[in-house]
Amino acid sequence: MAAAIEARPALAARRETGAPRAEGPIRGRAPARGPEDALARPAARPAGAPMLAGRRPGAYSGRVMARLAPHRILLNVTLDGLIGMLALPAALWIAAPPGVAGPESRLWWALALPGAGLALLAAGLPVRLPTQYWRYAGLPDLLALAGASVGAAALFWAALHLLGAWRPANPAFPVAHALVLTALLAAPRIAGRVRHAGRAGGEANGQAPPQSALLVGAGDGADLFLRALAQERAPRYRVVGILSLRARQTGRRIHGHPILGTAEDIGAVLDRLRAQDRLPDLIVLAGPQIQGVALERLLDAADRHGVPVRHAPPRLMLLETRARRGPAAADPARRIELRPVSIEELLDRPQVPLDREGMARLIQGRRVLVTGAGGTIGGELARQLAAFGPAELTLLDHGEFLLYEIELELSERYPDLPRRAVLADVRDEGRIRRLFEDLRPELVFHAAALKHVPMVERDPLEGLLTNAYGTRVVADAARAAGAALMVLISTDKAVNPTSVMGASKRLAEMYCQALDRQARTEGRGMRCVTVRFGNVLGSTGSVVPLFRRQLERGGPLTVTHPEMRRYFMTVREAVGLVLQASVVGAEDREDRPRELAEGGIFVLDMGKPVKIVDLARRMIRLAGLRPEVDVEIRFTGLRPGEKLYEELFHGQEPPRGTPFPGLLMATPRTADPALVGRAIDEIAAACRAGARRAALAQLARLVPEFERGAEGGGERPGASAAEPGSRGAAS
C-alpha cells in the first residue's frame with residue numbers, strides 16, 4: 001500500500017504511545033541531566049533529610065555504577081582475575097580422588113592462585129573478555145567466555161607441567177577446571193542480564209510503562225522482533241500473545257509467548273482478551289504475508305475493538321537492533337519504531353503470473369525510450385524496464401527536477417546501465433523528430449500527459465496539445481525512426497468522457513488504434529499498443545497523497561461527493577501488466593487476442609471500484625484516529641468535468657477476456673490514420689491560434705460521446721458493461 005502516513009496529529013500520537021502529559025518536574029527531583037551532570041553535580045537534598053529519602057529504589061547503586069563507569073574495563077579485569085583464583089580450589093576439590101589430600105605447601109598456593117588468575121586473563125584477551133557489557137551478555141559472549149575458560153585451564157595445566165610443580169593425579173582436572181571457570185564467569189553476567197531485563201520491564205527513568213501488543217505472524221519476523229525487543233534497555237512494547245498464519249502452530253510458544261490462534265481467529269481472540277481484561281494496546285504485524293483482503297479482515301476486527309494496527313520494522317532494522325551493545329542499545333533514536341499500515345497494502349492484490357521471459361525477449365538488448373519518465377507511471381516504467389537490461393534507456397520529460405530524480409535513482413540502482421536523460425516537450429515536433437532520428441529507439445513507452453481533470457478543464461487547449469497532438473508527434477517520430485513498438489498509456493476517463501482531459505486521451509487512443517490496425521493489416525511497420533486503466537495509488541495529484549497531507553494538518557479530508565467511486569491499482573501492478581500487454585501486442589503468437597487485429601486495446605482488470613469516502617475513512621483509521629470525531633470529512637461538490645463513476649468500457653465495446661490474467665480487451669471504433677492525423681493537426685492549429693471554441697467543436701466531432709460538463713456521466717446505460725461481474729465473466 002505509497003508510503004505509510006509518517007506524520008500524525010498529536011492526538012493520535014498520545015493515544016498510541018500512552019505518553020504521559022507534561023506536568024512539569026516531579027516535586028523533590030531535579031530535572032533530568034546527562035551522565036556527566038549526574039557525576040559532576042549530584043542532586044541537592046533537604047537539610048536534615050536521610051540520604052535516600054524521596055529517591056526511587058536503586059538510585060544509590062545507580063550513582064555508584066555511574067561513578068565506576070569510566071573504570072569498567074579495569075573492574076572487569078579485577079573481577080575476572082578473582083574468579084580465576086577462586087576457581088582453582090573448587091576444581092581441585094571436584095577432581096581430587098577420595099582420600100587423596102591436596103597440596104599442603106603454602107608456597108604452591110601463593111604461586112598457583114595468582115597464576116590461575118593470570119592464565120584466565122591471558123586466555124580472555126583474544127576474545128576481549130574484559131570489554132564485555134554484563135547487562136547485554138548474550139550467546140556470543142557466553143561462547144567467548146567458555147573458550148577463554150578452556151584456554152585458561154590448558155595454560156595452567158601446561159605451566160604446572162613445565163615447572164615440574166605439584167599437580168593433581170586425576171587427568172580430568174583440566175576439564176573440571178574449565179567447567180568451574182565457565183560457571184563462575186557466566187553467573188555474574190547472567191545475573192546482570194536478568195537484573196537489567198527486570199528493571200527495563202517496568203517503568204524506567206520516568207517513562208511510561210510498555211504498551212501491550214498482540215503479534216501477528218509466528219515466523220522469522222516474530223523471532224527477530226522478540227529478540228530485538230529483549231535487547232532494548234527500556235522496551236516500549238510488551239507482547240501478550242502471538243497469532244500464527246498456520247493452524248498447526250496454535251498452542252506452542254516462541255520465546256515464552258503463547259500462540260493464541262491464527263490470524264483468521266483475531267476477532268475471537270480479541271473478544272477473549274477483552275473478557276479477561278487483557279485487550280492489547282496495539283496489534284503488530286511481524287510478517288509480510290498479510291495483505292489485501294486478509295489485511296482488510298484483520299483491520300475490521302481491530303477497528304471493532306478500537307485497537308490500532310502497526311507493522312514491525314523491516315528485517316534489516318531488526319537485525320541491526322539485535323546487534324547493538326552498550327550505550328547504543330539505550331539510544332532512544334535507535335529503538336524499535338513501528339510504522340502504520342498503508343492504504344496501498346489494503347488495495348494491493350496477489351501478483352498475477354506475468355510472462356517474464358517474454359518481457360526479457362522484448363526489452364533486453366534493445367534501445368528503449370520512455371516519455372513522461374518523471375511521472376509516477378513513467379518512473380515505474382523506467383525502473384521495471386531497467387531491470388531487464390536494455391541496450392540503452394532514454395528518459396524524456398519536460399520537468400527538470402522530476403527527470404533529475406528518476407535519473408539519479410536509476411544511476412544508483414543500475415550503475416552499469418547505459419542511459420540518458422533528455423529535457424524535451426512532446427509537443428515540440430521538430431525537437432522530438434530530431435531526437436528520435438538521433439537515438440533510434442526500438443521501443444517507445446508514451447506516458448507523458450496532462451491528467452488533472454479540473455486543471456485541463458480550465459486550460460483545455462493545453463490539454464489538447466499535450467494529450468492528443470503530443471501523442472501524434474511521438475507516434476509519427478517513432479514510426480519514422482523505425483521503432484518496432486509504441487505503447488500508449490491511456491485512462492478510464494477516455495470512456496464516455498465528460499472532460500477535455502478524457503476526450504483528448506480518447507483522441508490519442510483513436511490515432512494509435514488506427515496506426516496499429518494499419519500496421520497489422522499491411523503486415524509491416526510499427527505496432528501500436530494502447531493500455532487503458534484507472535487510478536494509480538499515490539500518483540502525483542491523486543487523492544491518496546492529498547488525504548495524507550490533509551491528515552498531517554489534522555483535517556478536514558475533502559471529498560467531492562458521497563457516491564464518488566474510482567478504480568484503483570498499485571503502480572507496480574499496473575506497470576507489470578502494461579509490460580505484459582506490450583509483449584502480447586508486439587509478438588505474433590497463437591494465443592494473441594483476435595480483437596487486436598481489429599484495433600482492439602488492452603484494458604487492465606482493476607477489480608471493484610472503491611468509494612472515495614470509504615477510502616478517506618479507512619485512511620483516518622489507519623492513522624489511529626476516528627472519522628468524524630477526530631478528523632472531519634467534508635464534501636465539496638463535483639468539479640468541472642468530473643464523473644461520479646468512471647468506466648473502463650464504452651457501452652458499444654463489451655469487455656472480452658484474454659488468455660492472460662489481468663488483461664481484458666476492448667474494441668472501440670477505429671478510423672483511417674490519415675484522417676485522424678489531419679483532424680488532430682487542425683485541433684492543434686486552433687489551439688495555437690487560441691481558438692478555443694473551434695478546437696472544442698472539432699474535438700466533439702471526432703469524439704461524439706464527449707459530453708462536456710455532464711456530471712455523473714458514469715451512470716449512463718452503457719456503464720453496466722464495466723461492472724465487476726461482467727468483467728469477471730468475460731475474463
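General remarks:
- When the test is whether a residue is more than 30 Å from Leu243 (Cα to Cα), modelled with pLDDT under 85 and surrounded by fewer than 18 Cβ atoms within 10 Å (Cβ to Cβ), Ala112 does not pass it.
- Subset of the range 646-678 [buried (at least 20 other Cβ atoms within 10 Å of the Cβ) and farther than 20 Å from Val584 by Cβ]: Glu646, Glu647, His650, Pro673, Val676
- Only residues that are more than 19 Å from Leu299 (Cβ to Cβ), assigned to a helix (DSSP H, G or I) and either under 23 Å from the mean Cα position of the chain (by Cα) or of a type in the set (Gly, Ala, Ser) (or both) were counted across the range 223-275, and they come to 10.
- Hits in the range 550-581 (condition: in a helix (DSSP H, G or I) and crowded, with 17+ Cβ neighbours inside 10 Å): Gln550, Leu551, Val571, Glu573, Ala574, Val575, Gly576, Leu577, Val578, Leu579, Gln580, Ala581
- Leading residue by the ranking (modelled with the highest pLDDT) among those in the range 498-555 that are within 17 Å of Val578 (Cα to Cα) and of a type in the set (Asp, Glu): Glu509
- For the range 303-310, the criterion of a residue being under 25 Å from Ser342 (Cβ atoms), assigned to a strand (DSSP E or B) and small (Gly, Ala, Ser) is satisfied by no position.
- Unmet requirement for Leu260, which otherwise passes all of (1) modelled with pLDDT of 80 or more; (2) over 26 Å from Leu346 (Cβ atoms); (3) among the hydrophobic types (A, V, I, L, M, F, W, C): (2)
- Options Glu457, Glu412; residue that is part of a helix (DSSP H, G or I), out of contact with any Leu (no Cβ under 9 Å at 6 or more places or on another chain) and under 18 Å from Leu696 (Cα atoms): Glu457
- Residue count, the range 460-492 (criterion: more than 36 Å from the chain's Cα centre (by Cα) and of a type in the set (Ser, Thr, Tyr)): 1
- Per the conditions (1) touching a strand residue (DSSP E or B) at 6+ places or on another chain (Cβ under 8 Å); (2) surrounded by fewer than 16 Cβ atoms within 10 Å (Cβ to Cβ), the sole criterion not satisfied by Arg248 is (1).
- Beta carbons closer than 9 Å, at least 6 apart along the sequence or on distinct chains, never pair a first residue in the range 522-551 that is assigned by TED's automatic domain parsing to the domain that holds Gly292 and among the hydroxyl-bearing types (Ser, Thr, Tyr) with a second that is part of a strand (DSSP E or B) and surrounded by 21 or more Cβ atoms within 10 Å (Cβ to Cβ).
- Residue list for the range 359-400, filter: among the basic types (Lys, Arg) and assigned to a loop (DSSP other than H, G, I, E, B): Arg366
- Which listed residue is part of a loop (DSSP other than H, G, I, E, B) and either at pLDDT 85 or above or more than 28 Å from Val269 (Cβ to Cβ) (or both), from Ala204, Ala186, Ala191: Ala204
- You will find that of Gly287, Gly292, the residue that is modelled with pLDDT under 85, buried (at least 18 other Cβ atoms within 10 Å of the Cβ) and not charged (D, E, K, R) is Gly287 and no other.
- If you go through the range 369-381 and keep only what is over 19 Å from the mean Cα position of the chain (by Cα) and closer than 18 Å to Leu354 by Cβ, you end up with just Leu381.
- Checking Gly375 against (1) small (Gly, Ala, Ser); (2) buried (at least 17 other Cβ atoms within 10 Å of the Cβ); (3) at pLDDT 95 or above, the condition it does not meet: (3)
The values are calculated or read from the model by the stated rules, or taken from the named source; none is laboratory data. Remember, predicted model here, so these are calculated numbers, not experimental data. Reconstructed Cβ throughout: ideal geometry from the backbone, glycine too, with neighbour counts over all protein chains shown.
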